[in-house]
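*Asks:* For reference, the structure I am asking about is given below.
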Amino acid sequence: MLSDRFGRTIDYLRISVTDRCDLRCTYCIPKGFKDFEEPGNWLTFDEITRVVAVFSRLGTRHFRLTGGEPLLRRNLPALAASLSALEGVDDLSLTTNATQLSQQAQALRDAGVNRINVSLDSLRGDCVSHITGSDCLDKVLSGLASASQAGFDSIKINMVPMQGVNDGDIEAMVAFCIEHGFILRLIEAMPMGSTGQHAAGLDLQKLLAQLQPRFGLLPSDQPLGGGPARYWRTPDGRFTLGLITPISQHFCASCNRVRLSVDGTLYMCLGQEERFELRPLLRAGCSDAELETAIRNAIELKPEKHEFIEKPTRIVRFMSMTGG
């Protein structure tokens, strides 16, 4: 098993297949941003598969395809099929904004993607347009409908509550998730880049105190993926709420993940700068043994914790550059 110098087991790799996106969410990519990675620097599907194969041999079991918007990468189901066929890949999931999902949901499910997360911050069209810079709500809802029909093991809605923007939309989202059998996950905005640093994120501990009595939420220890969310369920089991709280109650001591960016850089932490570039090794023809050694050395760089609270303006790269 892969473990870092703090004794944490690394069993979750998030894989960015593109840093590009068709939306410009206010907490992620600024309007007019064009400084994306050149396609020639993107890892090829064969290179990604090779990296995942080594991680799986080292004991990593959870893998997630991310972006940017991963469905903008051509032939993504082909990559998913290659990854899901690898020995040791027990869990292959996807995070998407769902604008392209209606055309690809079934192909992704058939290729071995078993879980899917959809970013959706409101059910009000004007609010979605304000946050994303696009009139895309109908496309997202259509994508969700297609995902439901495709039969993924679970569909989660990722919502970033922001004060004065969509904080009044949470109960409507709860009702929507109950109606459709989705899991709702609320995520605290992180101060990454100029966009994230100006997002008016909410303290989810305070929000939970309001939601618990309203819906009778009880703590749940049911495993629902490889990530850091803590879950609550209604007594009848009809609704599950997850909270991801990197600011108000960080989970650094149990962090089990690293991120592979589209250009082959391993990022050890969203809130720190430690990184390790794998692309030069891959394109220099390194052996599998050399690649395994490089990954082990990279994991040793993983810091003990982020410093989002102490140094909120430190990370100037945008979330899409790191890989979701």
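*Asks:* Counting pairwise Cα distances across region 59-109, what percent come out greater than 17 angstrom?
*Replies:* Details: 389 of 1275 pairs.
Summing the P(r) of region 59-109 above 17 Å gives 31 percent of all pairs.
*Asks:* Then there's this: Work out, in µm²/s and without decimals, the Stokes-Einstein translational diffusion coefficient of region 97-218 at 25 °C, 0.890 mPa s, Rh from Kirkwood over C-alpha pairs.
*Replies:* On the way: Rh = 15.3 Å.
Using the Kirkwood radius from Cα pairs, D works out to 160 µm²/s.
*Asks:* Could you tell me the calculated FRET efficiency between GLU274 and LYS206, based on Cβ-Cβ distance and R0 = 45 angstrom, to the nearest 0.05? Let's see the in-between values first.
*Replies:* Numbers: r = 32 Å, r/R0 = 0.70.
Calculated value: 0.90.
*Asks:* Another question, then. What is the Cα centroid distance between region 97-117 and region 249-300, reported in whole angstrom?
*Replies:* So the two Cα centres are separated by 26 Å.
*Asks:* Taking every DSSP beta bridge with both residues inside region 111-242, roughly what % is antiparallel (nearest 5)?
*Replies:* Details: 7 of 18 bridges.
DSSP beta bridges in region 111-242 are roughly 40 percent antiparallel.
*Asks:* How much length is gained on full extension from GLU304 to SER134, taking 0.36 nm per residue of separation minus their Cα-Cα distance? Can you show the working numbers first?
*Replies:* Details: separation 170, 0.36 × 170 = 61.20 nm, distance 3.80 nm.
Length difference between fully extended and current span is 57.4 nm.
*Asks:* In addition: Can you tell me, using C-alpha contacts under 8 Å and at least 6 residues apart, the relative contact order of the chain as a whole percent? It would help to have the intermediate numbers written out before the result.
*Replies:* Values: 655 pairs, mean separation 71.8, N = 324.
Once normalised by length, the contact order is 22 percent.
*Asks:* Per-residue HN-Hα couplings for region 263-280, Karplus 6.51 cos²θ - 1.76 cosθ + 1.60 at θ = phi - 60°, whole Hz, x for Gly and Pro?
*Replies:* Using θ = phi - 60°, the values come out as 8, x, 8, 8, 9, 8, 7, 5, x, 9, 9, 4, 8, 8, 8, 8, 4, x Hz.
*Asks:* Kindly sort THR293, THR95 by accessible area of their heavy atoms, largest first, with the probe set to 1.4 Å. Don't skip to the answer; put the middle values down first.
*Replies:* Values: THR293 75, THR95 25 Å².
So, going from the largest accessible area down, we get THR293, THR95.
*Asks:* Would you kindly derive the ³J(HN,Hα) couplings of region 172-188 from the backbone phi angles with the Karplus curve 6.51 cos²θ - 1.76 cosθ + 1.60 (θ = phi - 60°), listing them in order in whole Hz, with x for Gly and Pro?
*Replies:* Per residue, the Karplus-derived 3J(HN,Hα) values read 5, 5, 4, 4, 4, 5, 4, 4, 9, x, 8, 9, 9, 10, 9, 10, 6 Hz.
*Asks:* Let me ask another. Each residue of region 220-228 in order: what ³J(HN,Hα) in whole Hz does its phi give by Karplus 6.51 cos²θ - 1.76 cosθ + 1.60, θ = phi - 60°, with x for Gly and Pro?
*Replies:* My calculation for region 220-228 gives 10, 9, 5, x, 10, x, x, x, x Hz in order.
*Asks:* In addition: May I ask you to derive the FRET efficiency for ASP110 and ARG214 from their Cβ-Cβ distance with R0 = 25 Å, giving the value to the nearest 0.05? Please report the intermediate quantities before stating the final value.
*Replies:* Numbers: r = 39 Å, r/R0 = 1.57.
About 0.05, to the nearest 0.05.
*Asks:* Please check which bits of region 69-111 a label hung off SER142 would reach, taking the label as a point 7 Å along Cα-to-C-beta and the cut-off as backbone N under 17 Å.
*Replies:* 71-72, 97-107
*Asks:* Taking 7 Å along the Cα-to-C-beta vector as the label spot, tell me the THR49-ASP221 distance in nanometres, rounded to one decimal.
*Replies:* Roughly 4.0 nm, to one decimal.
*Asks:* Moving on to the next point. Count the DSSP beta bridges whose two residues both fall in region 1-129, then state the antiparallel fraction as a percent rounded to the nearest 5.
*Replies:* That works out to approximately 5 percent antiparallel.
*Asks:* Just to verify a number: FRET efficiency for ARG61 and ASN297, C-beta to C-beta distance, R0 = 22 Å, to 0.05? Walk me through the numbers before you get to the answer.
*Replies:* Numbers: r = 21 Å, r/R0 = 0.96.
That pair, ARG61 with ASN297, gives E of 0.55.
*Asks:* Given the DSSP H assignment, sum -39500 (n - 2.57) over each helix run of at least 4 residues in the chain and divide by its residue total; what's the result at 222 nm in deg cm²/dmol, nearest 500? Before the final figure, lay out the partial values.
*Replies:* On the way: 11 runs with 104 residues, N = 324.
When only DSSP H runs of four or more count, the value is -9000 deg cm²/dmol.
*Asks:* Quick check: residue separation of ASP35 and GLU87 times 0.36 nm, minus the Cα distance between them. What number comes out in nm?
*Replies:* That pair, ASP35 and GLU87, stretches by 15.1 nm at full extension.
*Asks:* Amide H of ASP91 versus every other amide H placed in the peptide plane: which residues, excluding those fewer than 5 positions away on the same chain, fall under 5 Å?
*Replies:* Counting only residues 5 or more places away or on other chains, the set is PHE63.
*Asks:* Let me ask you something else. With unit charges on the beta carbon (Lys/Arg positive, Asp/Glu negative), name the residue among VAL160, PRO223, ALA209 whose Cα is farthest towards the positive pole of the charge dipole of the chain.
*Replies:* Toward the positive end, the furthest listed residue is ALA209.
*Asks:* Can you give me the angle between helix 45-57 and the longest principal axis of the chain, using Cα atoms only, in degrees from 0 to 90, rounded to the nearest 10?
*Replies:* Once rounded, one gets 90 degrees.
*Asks:* Moving on. Which residues in region 54-69 have a backbone N closer than 13 Å to a point placed 7 Å from the Cα of CYS286 along the Cα-to-Cβ line?
*Replies:* 54-55
*Asks:* When the accessible area of region 1-143 is computed with all protein chains present and a 1.4 Å probe, what percentage of it is carbon and sulfur?
*Replies:* Working: 2630 of 5770 Å².
That fraction is 46 percent.
*Asks:* Check ILE15: other-chain or 5+ apart residues with amide H under 5 Å from its amide H, H built from backbone geometry?
*Replies:* For ILE15, the qualifying residues are ARG64, LEU65, THR66, LEU260.
*Asks:* What dipole magnitude, in Debye to the nearest 20, does the chain give about its Cα centre under +1 on Lys/Arg Cβ and -1 on Asp/Glu Cβ? Don't jump to the answer; show the numbers that get you there.
*Replies:* On the way: 35 positive and 38 negative charges, 35 e Å.
Magnitude of the dipole: close to 160 debye.
*Asks:* Using the Cα centre of region 22-177 as origin and beta-carbon charges of +1 (Lys, Arg) and -1 (Asp, Glu), tell me which of PHE33, LEU94, SER82 is placed farthest towards the positive end of the dipole.
*Replies:* In region 22-177, that residue is SER82.
*Asks:* Residues of the chain: accessible area per residue at 1.4 Å, in Å²?
*Replies:* Numbers: 13620 Å² over 324 residues.
Ligands and nucleic acids excluded, the result is 42 Å² per residue.
*Asks:* Based on a Kirkwood Rh over C-alpha pairs, give the Stokes-Einstein translational diffusion coefficient of the chain at 4 °C and viscosity 1.567 mPa s in µm²/s.
*Replies:* Values: Rh = 20.0 Å.
Rounded, D is 65 µm²/s.
The values are calculated or read from the model by the stated rules, or taken from the named source; none is laboratory data. These numbers were taken from a predicted model, which means no experiment stands behind them. Quick reminder, even Gly has a Cβ in these numbers, built from the backbone with ideal geometry, and neighbours come from all protein chains shown. Just so you know, the surface numbers come from the protein's heavy atoms only, side chains and all, with ligands and any DNA or RNA stripped out. Shrake-Rupley method; radii C 1.70, N 1.55, O 1.52, S 1.80 Å.
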